[in-house]
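Below: the structure, in structure tokens.
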Amino acid sequence: MDSETRLWPESLHDTDDWHTLAAARPALDSLPEGWLEQWQSVWLPLSTWLAAYNRSQNEPPVIGIHGGQGSGKSTLSNALAALYARAFGWQVVVVSIDDLYLSRADRQQLAVDVHPLLVTRGVPGTHDAALGMNMFNALKSLGKGDVLRFPAFDKVSDDRLPEAAWHEVTGPIDMILFEGWCVGCQPADEASLTEPVNTLEANEDADGRWRHWVNDKLSGEYADWFAMLDKLIMLKVPDMSAVQRWRTQQEADNRRNTQGTADRSLDDAAIVRFIQHYERLTRNALKTLPTVADLVLDINQAHQVSAVRLSGSDE
């Protein structure tokens, strides 16, 4: 990484938070080796920057972490939560948009009522956005000893888990990390929806009804949901081929982590089709989010950060 990509404010260096976080580095030993090599140049300044922002707020902020499939957004979110717990004793709640998918039965009903492609989880409209917004408000208001439980989703069975297996958080909390592939996504220009971008759209959404419905969701309830973000971090994937390669690896991991429920994991051909559900929004995010996000981390083919772009709004 050359000096031109190191855009972190000089004010972050040699602060109490910088030194405390540096000492907490062992909390990240489980990170991929390639990421650990960038501790000094990327992750230490990032965590210091975000800690300084957190201290400036009067209530727990919601930090959005966007990234294409397999980019590392879940890894980053869990690492930050562990690092802040060790360094400052903060309770950081990681909320995955994946856990807020509608149940399989609800998506099957959408497939009947709206469009058959909506049985497949992922695109805007297949999450419970209202629940997500209510969750953020509830998390922010948790007092000492208050308990909040929220859904957990099992990707192998492709369904929401029973309530006994839901996440449980005890207040108060210090920060909310909201991670997901479409977190922060912007609606596309209507004219751009006319032509299909892949064979899925050409063969199964020839009239554009599915993609227009998804785009309307982004313009409506998802825009309200994402307006609750106080900061947005983007892990910018290099291209769609990297998404496919990393998603294939995730599917293998999902099979290993099954909880004993019905196995609906995907073979290679099914993965190619599955990713085509995400392609239009992923391509649009690569164009639009770098100008919207507060922090953009360019992820290269080797899965390391090749550039850091920090918004000047905090300078």
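Where a number appears in this text, it was derived from the coordinates with a stated rule and is not lab data. Everything numeric in this text was worked out from a predicted model, so none of it was measured. All Cβ positions, even for glycine, are placed from backbone atoms using ideal geometry, and neighbour counts span all protein chains on display.
In nm, to one decimal, how far is the residue 103 label point from the residue 207 one, both placed 7 Å along Cα→Cβ?
It is 3.0 nm.
If you count, for each residue, the other Cβ atoms within 10 Å and average over each peptide, how do 111-123, 272-284 line up from highest to lowest?
With the highest mean Cβ count within 10 Å placed first, the list reads 272-284, 111-123.
Pairing the Cα long axis of helix 240-256 with the longest principal axis of the chain, what angle in degrees results, from 0 to 90 and rounded to the nearest 10?
90 degrees
Eight or more residues apart or on different chains, and alpha-carbon atoms under 24 Å: count the Lys pairs in the chain matching that.
The result is 14.
Can you give the calculated 222 nm mean residue ellipticity of the chain, where each DSSP H run of n ≥ 4 adds -39,500 (n - 2.57) and the sum is split over every residue, rounded to the nearest 500 deg cm²/dmol? List each step's numbers first, then the result.
On the way: 11 runs with 123 residues, N = 315.
Counting only the DSSP helices, I get -12000 deg cm²/dmol.
Obtain the nm distance between the two label points defined at residue 189 and residue 273 by a simple spin-label model: each point lies 7 Å from its Cα along the Cα-to-C-beta direction.
Those two pseudo-labels are separated by 3.3 nm.
Return the FRET efficiency for the residue pair residue 30, residue 249: r is the Cβ-Cβ distance, R0 is 22 Å, and the value is rounded to the nearest 0.05.
Approximately 0.85, to the nearest 0.05.
If you line up the long axis of helix 268-288 against the longest principal axis of the chain, both from Cα atoms, how many degrees apart are they, to the nearest 10?
60 degrees
Hand me the GluC sites (Glu not before Pro) from the range 97-182 located in a DSSP loop with no more than 15 other Cβ atoms within 10 Å, in residue order please. Can you show the working numbers first?
On the way: sites: 163, 168, 179; in loops: none.
In loop regions of the range 97-182 (DSSP not H, G, I, E or B), there are no sparsely surrounded GluC sites (Glu not before Pro).
Mind checking the dipole of the range 37-308: about its Cα centre, +1 per Lys or Arg Cβ, -1 per Asp or Glu Cβ, Debye to the nearest 20?
Working: 25 positive and 35 negative charges, 123 e Å.
With only Lys, Arg, Asp and Glu charged at Cβ, the dipole is about 600 debye.
Any chance you could give the angle, 0 to 90 degrees and rounded to 10, that helix 209-219 forms with the longest Cα principal axis of the chain?
The angle comes out at about 30 degrees.
Quick check on the exposure proxy: order 240, 133, 175 from fewest to most C-beta atoms within 10 angstrom.
Going from least to most buried by this count: 133, 240, 175.
Find which of 54, 101, 290 sits farthest along the positive direction of the dipole of the chain, computed with +1 on the beta-carbon of Lys and Arg, -1 on that of Asp and Glu, about the Cα centre.
It is 101, whose Cα lies furthest towards the positive end.
Note the listed values (i) 46, 22, 19; (ii) 29, 25, 19; (iii) 32, 23, 19, then indicate which one is semi-axes √(5λ) of the Cα gyration tensor in Å calculated from this particular structure.
(iii)
Check residue 96: other-chain or 5+ apart residues with amide H under 5 Å from its amide H, H built from backbone geometry?
179
Assign unit charges at the C-beta atoms only (+1 for Lys and Arg, -1 for Asp and Glu), then state the dipole size of the range 139-289 relative to its Cα centre in Debye, rounded to the nearest 20.
Approximately 400 debye in magnitude.
If I build a Gaussian network model for the chain, linking alpha-carbon pairs within less than 10 angstrom, which residue out of 68, 132, 89 has the largest mean-square fluctuation?
Largest GNM mean-square fluctuation: 89.
Between residue 41 and residue 140, what's the calculated FRET efficiency when r is the beta-carbon distance and R0 is 51 Å? Round to 0.05.
0.95
Need one number: nm distance between label points at residue 133 and residue 59, each 7 Å from Cα along Cα→Cβ, rounded to one decimal.
1.4 nm
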